[in-house]
Amino acid sequence: MPRTKQFNEEEILKKAMELFWERGFHATSIQNLVTCLGINRASLYDTFGGKEELFNKVFEHYRKQSSEEVRATFENENSVKAGFCRLFENAIEKAQLDQAQKGCFVVNTTTELIPGDEAIHDALRKNKENAENLFIEHIRKGIESGEIDASKDADSIGTMLFALFSGLQVMAKVDSDPIKLRKLVKSGLSVLD
(Lines give C-alpha, C1' and ligand atoms only; values in the text may rest on other atoms or scores of the structure.)
Protein backbone atom coordinates (compact mmCIF):
# COMPACT_ATOMS: atom_id res chain seq x y z
CA MET A 1 0.00 0.00 0.00
CA PRO A 2 1.47 3.40 -0.97
CA ARG A 3 2.48 5.74 1.84
CA THR A 4 0.63 9.02 2.13
CA LYS A 5 2.51 12.26 2.55
CA GLN A 6 2.68 13.44 6.13
CA PHE A 7 3.49 17.04 5.28
CA ASN A 8 1.95 20.10 3.69
CA GLU A 9 3.70 20.93 0.40
CA GLU A 10 2.87 24.64 0.75
CA GLU A 11 4.55 24.75 4.17
CA ILE A 12 7.55 22.86 2.81
CA LEU A 13 7.91 25.39 -0.03
CA LYS A 14 7.78 28.28 2.46
CA LYS A 15 10.44 26.69 4.70
CA ALA A 16 12.65 25.85 1.73
CA MET A 17 12.28 29.39 0.41
CA GLU A 18 13.44 30.84 3.73
CA LEU A 19 16.45 28.51 3.78
CA PHE A 20 17.48 29.20 0.16
CA TRP A 21 16.87 32.90 0.73
CA GLU A 22 19.08 32.99 3.79
CA ARG A 23 21.88 30.71 2.56
CA GLY A 24 21.65 30.88 -1.23
CA PHE A 25 21.40 27.95 -3.63
CA HIS A 26 25.00 26.75 -3.56
CA ALA A 27 25.47 26.95 0.21
CA THR A 28 22.27 24.98 0.87
CA SER A 29 22.93 21.24 0.96
CA ILE A 30 20.44 18.40 0.72
CA GLN A 31 21.16 17.71 4.40
CA ASN A 32 20.33 21.35 5.24
CA LEU A 33 17.02 20.91 3.43
CA VAL A 34 16.22 17.59 5.12
CA THR A 35 16.97 19.07 8.54
CA CYS A 36 15.10 22.33 7.96
CA LEU A 37 12.08 20.82 6.25
CA GLY A 38 11.70 17.91 8.64
CA ILE A 39 11.20 15.38 5.85
CA ASN A 40 13.43 12.51 4.83
CA ARG A 41 15.56 12.43 1.68
CA ALA A 42 13.27 9.94 -0.05
CA SER A 43 10.24 12.19 0.46
CA LEU A 44 12.19 15.20 -0.76
CA TYR A 45 13.27 13.42 -3.94
CA ASP A 46 9.86 11.75 -4.49
CA THR A 47 7.94 14.98 -4.06
CA PHE A 48 10.27 17.63 -5.45
CA GLY A 49 12.85 15.74 -7.51
CA GLY A 50 15.94 17.06 -5.77
CA LYS A 51 17.59 20.31 -4.78
CA GLU A 52 17.47 22.07 -8.16
CA GLU A 53 13.87 21.09 -8.83
CA LEU A 54 12.86 22.19 -5.33
CA PHE A 55 14.65 25.50 -5.83
CA ASN A 56 12.81 26.05 -9.13
CA LYS A 57 9.46 25.39 -7.42
CA VAL A 58 10.41 27.71 -4.58
CA PHE A 59 11.41 30.41 -7.05
CA GLU A 60 8.12 30.09 -8.92
CA HIS A 61 6.20 30.20 -5.61
CA TYR A 62 8.05 33.39 -4.61
CA ARG A 63 7.58 34.96 -8.04
CA LYS A 64 3.81 34.39 -7.99
CA GLN A 65 3.50 35.61 -4.42
CA SER A 66 5.50 38.78 -5.19
CA SER A 67 3.51 39.48 -8.33
CA GLU A 68 0.25 39.16 -6.41
CA GLU A 69 1.56 41.52 -3.71
CA VAL A 70 2.54 44.16 -6.28
CA ARG A 71 -0.81 43.90 -8.04
CA ALA A 72 -2.72 44.12 -4.73
CA THR A 73 -0.66 47.13 -3.64
CA PHE A 74 -1.48 48.96 -6.85
CA GLU A 75 -5.17 48.03 -6.68
CA ASN A 76 -5.57 49.03 -3.03
CA GLU A 77 -4.48 52.63 -3.53
CA ASN A 78 -6.79 55.34 -4.84
CA SER A 79 -4.28 56.72 -7.35
CA VAL A 80 -1.50 55.41 -9.54
CA LYS A 81 1.14 57.59 -7.89
CA ALA A 82 -0.04 56.51 -4.44
CA GLY A 83 0.27 52.89 -5.59
CA PHE A 84 3.91 53.37 -6.51
CA CYS A 85 4.60 55.28 -3.29
CA ARG A 86 3.05 52.46 -1.24
CA LEU A 87 5.02 49.81 -3.16
CA PHE A 88 8.34 51.51 -2.49
CA GLU A 89 7.43 52.31 1.11
CA ASN A 90 6.59 48.63 1.67
CA ALA A 91 10.05 47.72 0.36
CA ILE A 92 11.68 50.23 2.72
CA GLU A 93 9.65 48.93 5.66
CA LYS A 94 10.61 45.33 4.85
CA ALA A 95 14.28 46.36 4.71
CA GLN A 96 13.97 47.81 8.23
CA LEU A 97 12.58 44.51 9.51
CA ASP A 98 15.12 42.37 7.65
CA GLN A 99 17.64 41.81 10.45
CA ALA A 100 19.44 39.12 8.44
CA GLN A 101 19.77 41.54 5.48
CA LYS A 102 18.47 38.90 3.11
CA GLY A 103 17.19 41.44 0.62
CA CYS A 104 15.11 40.27 -2.34
CA PHE A 105 15.05 36.58 -3.20
CA VAL A 106 14.92 37.30 -6.95
CA VAL A 107 17.82 39.76 -6.82
CA ASN A 108 19.86 37.32 -4.72
CA THR A 109 19.13 34.51 -7.18
CA THR A 110 20.17 36.72 -10.10
CA THR A 111 23.49 37.66 -8.57
CA GLU A 112 24.28 34.12 -7.41
CA LEU A 113 23.23 32.02 -10.40
CA ILE A 114 23.64 34.26 -13.46
CA PRO A 115 25.55 33.61 -15.60
CA GLY A 116 25.72 29.87 -15.56
CA ASP A 117 22.23 28.45 -15.07
CA GLU A 118 20.22 28.76 -18.27
CA ALA A 119 16.95 27.41 -16.79
CA ILE A 120 16.94 29.93 -13.95
CA HIS A 121 18.06 32.62 -16.40
CA ASP A 122 14.87 32.00 -18.40
CA ALA A 123 12.78 32.12 -15.19
CA LEU A 124 14.44 35.38 -14.16
CA ARG A 125 13.88 36.88 -17.61
CA LYS A 126 10.20 35.90 -17.41
CA ASN A 127 9.95 37.38 -13.91
CA LYS A 128 11.51 40.66 -15.12
CA GLU A 129 9.09 40.89 -18.05
CA ASN A 130 6.07 40.15 -15.84
CA ALA A 131 7.11 42.67 -13.18
CA GLU A 132 7.86 45.37 -15.74
CA ASN A 133 4.49 44.74 -17.36
CA LEU A 134 2.75 45.28 -14.01
CA PHE A 135 4.57 48.60 -13.63
CA ILE A 136 3.84 49.62 -17.23
CA GLU A 137 0.14 48.69 -16.97
CA HIS A 138 -0.15 50.74 -13.80
CA ILE A 139 1.46 53.78 -15.46
CA ARG A 140 -0.86 53.42 -18.47
CA LYS A 141 -3.79 53.40 -16.07
CA GLY A 142 -2.53 56.74 -14.73
CA ILE A 143 -2.17 58.12 -18.25
CA GLU A 144 -5.70 57.00 -19.15
CA SER A 145 -7.15 58.61 -16.02
CA GLY A 146 -5.25 61.85 -16.64
CA GLU A 147 -3.21 61.54 -13.44
CA ILE A 148 -0.01 61.15 -15.47
CA ASP A 149 0.77 63.31 -18.48
CA ALA A 150 -0.09 61.57 -21.76
CA SER A 151 3.30 62.51 -23.21
CA LYS A 152 5.06 60.16 -20.77
CA ASP A 153 6.55 56.95 -22.19
CA ALA A 154 4.94 54.26 -20.04
CA ASP A 155 7.28 51.51 -21.26
CA SER A 156 10.50 53.39 -20.48
CA ILE A 157 9.25 54.69 -17.15
CA GLY A 158 7.95 51.26 -16.11
CA THR A 159 11.30 49.67 -16.91
CA MET A 160 13.17 52.40 -15.04
CA LEU A 161 10.93 52.15 -11.96
CA PHE A 162 11.35 48.38 -11.89
CA ALA A 163 15.14 48.85 -12.05
CA LEU A 164 14.86 51.36 -9.19
CA PHE A 165 12.73 48.92 -7.19
CA SER A 166 15.28 46.13 -7.67
CA GLY A 167 18.22 48.43 -6.98
CA LEU A 168 16.61 49.77 -3.83
CA GLN A 169 16.47 46.25 -2.44
CA VAL A 170 20.16 45.71 -3.20
CA MET A 171 21.12 49.02 -1.58
CA ALA A 172 19.01 48.26 1.49
CA LYS A 173 21.12 45.15 2.15
CA VAL A 174 24.14 47.42 2.64
CA ASP A 175 22.52 50.55 4.06
CA SER A 176 18.87 50.42 5.08
CA ASP A 177 18.73 54.03 6.34
CA PRO A 178 15.08 54.89 5.59
CA ILE A 179 15.83 58.59 5.11
CA LYS A 180 18.34 57.87 2.34
CA LEU A 181 16.07 55.27 0.75
CA ARG A 182 13.05 57.59 0.80
CA LYS A 183 15.08 60.38 -0.85
CA LEU A 184 16.10 57.96 -3.59
CA VAL A 185 12.50 56.87 -4.12
CA LYS A 186 11.25 60.48 -4.19
CA SER A 187 13.77 61.32 -6.90
CA GLY A 188 12.87 58.24 -8.90
CA LEU A 189 9.11 58.72 -8.66
CA SER A 190 9.44 62.36 -9.75
CA VAL A 191 9.48 60.96 -13.31
CA LEU A 192 5.72 60.51 -12.92
CA ASP A 193 5.16 64.24 -12.28
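The values are calculated or read from the model by the stated rules, or taken from the named source; none is laboratory data. Since the model is a prediction, treat every value here as computed from it, not as a measurement. Cβ placement follows ideal geometry from the backbone for every residue including glycine, while neighbour counts extend to all protein chains displayed. Areas reflect the complete protein model, heavy atoms only, side chains present, ligands, DNA and RNA absent. Shrake-Rupley method; radii C 1.70, N 1.55, O 1.52, S 1.80 Å.
Within the stretch 145-193, the set of residues being among the small types (Gly, Ala, Ser), more than 25 Å from ALA95 (Cβ to Cβ) and loosely packed, with under 15 Cβ neighbours inside 10 Å comprises SER145, GLY146, ALA150, SER151, SER156. Suppose the filter is farther than 26 Å from ASP98 by Cα, crowded, with 16+ Cβ neighbours inside 10 Å and either of a type in the set (A, V, I, L, M, F, W, C) or out of contact with any helix residue (DSSP H, G or I) (no Cβ under 6 Å at 6 or more places or on another chain) (or both); does ILE120 pass it? Judged against the criteria, ILE120 is not a match. Residues that are in contact with an Asp or Glu (Cβ under 7 Å, 6 or more places away or on another chain), open to solvent by 60 Å² or more (accessible area, probe 1.4 Å) and under 29 Å from MET17 (Cα atoms) do occur in the stretch 100-107. Among the residues of the stretch 91-126, the one identified as of a type in the set (Lys, Arg) and assigned to a loop (DSSP other than H, G, I, E, B) is LYS102. When SER151, SER166, SER176 are checked against the criterion of being part of a helix (DSSP H, G or I) and among the hydroxyl-bearing types (Ser, Thr, Tyr), SER166 stands alone in meeting it. If you go through the stretch 44-90 and keep only what is in a helix (DSSP H, G or I), open to solvent by 40 Å² or more (accessible area, probe 1.4 Å), of a type in the set (Asp, Glu) and at pLDDT 95 or above, you end up with GLU68, GLU69, GLU75. A single entry from ASP193, ASP122, ASP153 fulfils the requirement of being more than 24 Å from PHE55 (Cα to Cα) and modelled with pLDDT under 95: ASP193. Within the stretch 127-148, the set of residues being among the small types (Gly, Ala, Ser) and either closer than 30 Å to PHE25 by Cα or in a helix (DSSP H, G or I) (or both) comprises ALA131, GLY142, SER145.
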